[in-house]
Amino acid sequence: MADLSGNAGGVFAGSSTPSVTPSGRTGFSPAVAASAFPPCDLALMIVEARYERIHAALMLAATSCALGQSVVLFGMGAGVAAFCARWEGLEDGTHADWRTAAGVAGLDDLRTALLEMDATLMVCDSGLKTMGLSAGALAEGVGVVGLPTFLDRAGAARMAVF
């Protein structure tokens, strides 16, 4: 098994020895892990850019937040579209007007509500690259992280993939 301590010869060969023993998959110290990430109740991974799937994910997340639960959403691959300011890459949004006409919140309203309710929105750095986008294409408040950070943040939360 690889030495993750940061000592020479480990995965992080050549780096200095950390002052605090790392924990978790991302190597966060216990102090950082405890302070940076409150317990998470629901973790949603969005991997597709289809309107209906993104809408369902955002509805589930907003409902959970409204019930006082801590929610994290993570976009990978085509799912990065759910986190773009202008919805770059969104597929099949032809029925968006139906929801609006019926009085159902649309994607913009849901994403704004999630940010106002302190949901954590993140995208995978490799997904952003795969989609040919830069961090500048993302909506305000969306973080760019790696999959290990999402997994650390999600912890033992209920998880669903859209």
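Taking the range 92-115 as the search range and keeping residues that are farther than 27 Å from A154 by Cα and not in a loop (DSSP other than H, G, I, E, B), which one is nearest to the chain's Cα centre (by Cα)?
A96
Answer with yes or no whether L133 is touching a Gly at 6+ places or on another chain (Cβ under 9 Å) and under 17 Å from S64 (Cα atoms).
no
Does the range 75-82 include one or more residues that are under 16 Å from the mean Cα position of the chain (by Cα), part of a loop (DSSP other than H, G, I, E, B) and surrounded by fewer than 17 Cβ atoms within 10 Å (Cβ to Cβ)?
no
Of the conditions (1) at pLDDT below 95; (2) touching a Gly at 6+ places or on another chain (Cβ under 6 Å), G93 fails just one. Which one is it?
So G93 meets the others, but not (2).
So for the range 23-39 (the condition being buried (at least 18 other Cβ atoms within 10 Å of the Cβ), at pLDDT 50 or above and within 20 Å of the chain's Cα centre (by Cα)), does at least one residue qualify?
Yes.
The values are calculated or read from the model by the stated rules, or taken from the named source; none is laboratory data. No experiment lies behind these values; they were computed from the predicted model shown. For neighbour counting, all protein chains shown are included, and Cβ atoms are generated from backbone atoms with ideal geometry for every residue, glycine included.
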